[in-house]
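Asks: Could you have a look at this structure, given as structure tokens, before my questions?
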Amino acid sequence: MDFPPLLNDNLLRAARGEDVERIPVWVMRQAGRYLPEFRALRAENNFFKVCQTPELACEVTLQPIKRYDLDAAIIFSDILVVPQALGIVVEMKPGVGPVLPEPLLSPSDLERLKFPVDVKEKLGYVFEAITLTRHKLEGKVPLIGFSGAPWTLMCYMIEGGGSKTMSKAKSWIYQHPESSHELLKILTDVTVDYLVEQAVAGAQLLQVFESNAEYLGREQFEEFAIPCLKRICEEVKGRLEKRGIKSVPMTIFAKGGHHSLKQLGSIGYDIVGLDWTMIPGEARSLVGPNVTLQGNLDPCALYGTKEHIQKLTRKMISTFGKSRYIANLGHGIYPDIDPERLKVFIDTVHEIH
Ligand code: CP3
């Protein structure tokens, strides 16, 4: 596909371990409710309607790019579009978050899943949004595609929404390990197809969100999450190469995955995202020198004063160093953050040479 030439490739350079003109910075959930222009658009449109309408998804993706000097855009969508593609109903309830009214209650419910999934048919709207956004970005910054990781998606599909303990999803791991593996395999297969098509549609970097890593211990993570994450990376890269698409870097962000940072650095991902509880120096020694790190300012630091944000941002960068590094928050930005505070974070990153 022919797209406008990329004018700012600092994100991709950092991903490959090359020198950068400035430290690249983007922010998880940068297109979101903290922006008044997002809230205005959402007031008129249901959450999944925004995801499913390429023009709206594109508009929301571009909102933070228009406002800030960011180094990447991330396509507006949600990790839960994959369970939807498998036939599971997902609703976004204001003030509650995602609700899945008919969760998987027992292994026999796996029969309800509409698998295999033709991702082009079921998730074609995401690919259209990506292609449209690549054009509308006019090469300003690269566009990131993403998906949820299988274990994290399994949690939502079994819990029926968010949970403090993930005890229902974890009970599957102990009571039905084989069915758990079967579900994880289904999710891994769909995720591979989904990410490949995102790159074909124009995504220039792919991030996998393992937001529920913290609920598994090391051994469980090694058995139920790592093999899926490894296969996703290997198969996506292999399939893209066969289709003549090279150098689409991949990021793994495993929130709370302290126990497995070393493994996460050794399964093929170019970038390991760190949450705000992780210590940059320790993470670097665990993942080794050949992986780029991304993160990890506490999202709540943006409640502080301008001076405090500047101080914490400079301190963060001094611990990461400037090479093989992408600045970000250590989880998504909160809806009640003052947009001006985010500007302070972004501009402070760029002032450092
Ligand atoms: O700007 C971006 O980062 C791109 C868009 C994006 C959204 N969700 C939009 C969204 C991305 C990358 C996601 C990923 C996502 N979705 C994750 C992984 C990242 C993480 O936070 O750990 C998860 C776990 C989900 C599932 C999900 N979607 C939850 C738990 C919630 C409710 C939390 C909340 O902030 O209310 C959502 C809703 C959601 N996804 C919103 C947005 C902008 C807010 C809902 C709204 O607009 O009403």
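Asks: Return yes when Pro289 is modelled with pLDDT of 95 or more, within 14 Å of Ala15 (Cβ to Cβ) and either surrounded by fewer than 23 Cβ atoms within 10 Å (Cβ to Cβ) or touching a Lys or Arg at 6+ places or on another chain (Cβ under 8 Å) (or both) and no when it is not.
Replies: For Pro289, the condition - modelled with pLDDT of 95 or more, within 14 Å of Ala15 (Cβ to Cβ) and either surrounded by fewer than 23 Cβ atoms within 10 Å (Cβ to Cβ) or touching a Lys or Arg at 6+ places or on another chain (Cβ under 8 Å) (or both) - is not met.
Asks: For Tyr156, only one of the following conditions fails: (1) farther than 20 Å from Arg29 by Cα; (2) of a type outside the set (Asp, Glu); (3) under 20 Å from the mean Cα position of the chain (by Cα). What is its number?
Replies: Of (1) farther than 20 Å from Arg29 by Cα; (2) of a type outside the set (Asp, Glu); (3) under 20 Å from the mean Cα position of the chain (by Cα), only one is false for Tyr156: (1).
Asks: Among the residues of segment 13-40, which ones are in a helix (DSSP H, G or I), within 14 Å of the ligand (Cβ to nearest atom) and open to solvent by less than 20 Å² (accessible area, probe 1.4 Å)?
Replies: Phe38
Asks: Kindly provide the set of residues from segment 41-63 that are within 13 Å of the ligand (Cβ to nearest atom) and assigned to a loop (DSSP other than H, G, I, E, B), ordered by number.
Replies: Answer for segment 41-63, where residues must be within 13 Å of the ligand (Cβ to nearest atom) and assigned to a loop (DSSP other than H, G, I, E, B): Asn45, Asn46.
Asks: Same structure, new question: Restricting attention to segment 86-103, report how many residues are in a loop (DSSP other than H, G, I, E, B) and either touching a residue at least 12 places away in the same chain (Cβ under 8 Å) or small (Gly, Ala, Ser) (or both).
Replies: So the answer is 11.
Asks: Of all residues in segment 64-85, which are part of a helix (DSSP H, G or I) and either open to solvent by 30 Å² or more (accessible area, probe 1.4 Å) or more than 9 Å from the ligand (Cβ to nearest atom) (or both)?
Replies: Across segment 64-85, the qualifying residues are Ile65, Lys66, Arg67, Val81, Val82, Pro83, Gln84, Ala85.
Asks: Across segment 322-351, what is the total count of residues that are outside any helix (DSSP H, G or I) and either of a type in the set (S, T, N, Q) or open to solvent by 30 Å² or more (accessible area, probe 1.4 Å) (or both)?
Replies: 9
Asks: Run Ser180 past the list (1) buried (at least 18 other Cβ atoms within 10 Å of the Cβ); (2) touching a residue at least 60 places away in the same chain (Cβ under 8 Å); (3) in a helix (DSSP H, G or I); (4) touching a helix residue (DSSP H, G or I) at 6+ places or on another chain (Cβ under 6 Å) and report the number of the one that doesn't hold.
Replies: Condition not satisfied by Ser180: (2).
Asks: Looking only at segment 281-316, count how many residues are out of contact with any strand residue (DSSP E or B) (no Cβ under 7 Å at 6 or more places or on another chain) and farther than 22 Å from Gly32 by Cα.
Replies: 13
Asks: Would you confirm whether or not segment 146-155 contains a residue that is within 11 Å of the ligand (Cβ to nearest atom) and either open to solvent by 10 Å² or more (accessible area, probe 1.4 Å) or closer than 30 Å to Glu21 by Cβ (or both)?
Replies: Yes, segment 146-155 contains a residue that is within 11 Å of the ligand (Cβ to nearest atom) and either open to solvent by 10 Å² or more (accessible area, probe 1.4 Å) or closer than 30 Å to Glu21 by Cβ (or both).
This table checks each residue for (1) under 21 Å from the mean Cα position of the chain (by Cα); (2) surrounded by fewer than 16 Cβ atoms within 10 Å (Cβ to Cβ); (3) over 21 Å from Ala57 (Cα atoms); (4) within 16 Å of the ligand (Cβ to nearest atom).
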| residue | (1), (2), (3), (4) |
| --- | --- |
| Gly87 | no, yes, yes, no |
| Met92 | yes, no, no, yes |
| Pro107 | no, yes, yes, no |
| Glu121 | no, yes, no, no |
| Lys140 | yes, no, no, no |
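Conditions tested, residue by residue: (1) farther than 22 Å from Ala85 by Cα; (2) open to solvent by 10 Å² or more (accessible area, probe 1.4 Å).
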{"site": "Gln198", "(1), (2)": "no, no"}
{"site": "Phe209", "(1), (2)": "no, yes"}
{"site": "Glu219", "(1), (2)": "yes, yes"}
{"site": "Cys228", "(1), (2)": "no, yes"}
{"site": "Ile232", "(1), (2)": "no, no"}
{"site": "Val236", "(1), (2)": "no, no"}
{"site": "Ser247", "(1), (2)": "yes, yes"}
{"site": "His258", "(1), (2)": "yes, yes"}
{"site": "Lys262", "(1), (2)": "yes, yes"}
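Asks: Has segment 246-267 got at least one residue that is at pLDDT below 95, at negative phi and in a loop (DSSP other than H, G, I, E, B)?
Replies: Scanning segment 246-267, I find at least one residue that is at pLDDT below 95, at negative phi and in a loop (DSSP other than H, G, I, E, B), so the answer is yes.
The values are calculated or read from the model by the stated rules, or taken from the named source; none is laboratory data. The model shown is predicted, which means the values in this text are computed figures rather than measured ones. Every residue, glycine as well, gets a Cβ built from its backbone with ideal geometry; the counts of neighbours run over all protein chains shown. Calculation scope for accessible area: heavy atoms of the full protein, side chains included, ligands and nucleic acids excluded. Shrake-Rupley method; radii C 1.70, N 1.55, O 1.52, S 1.80 Å.
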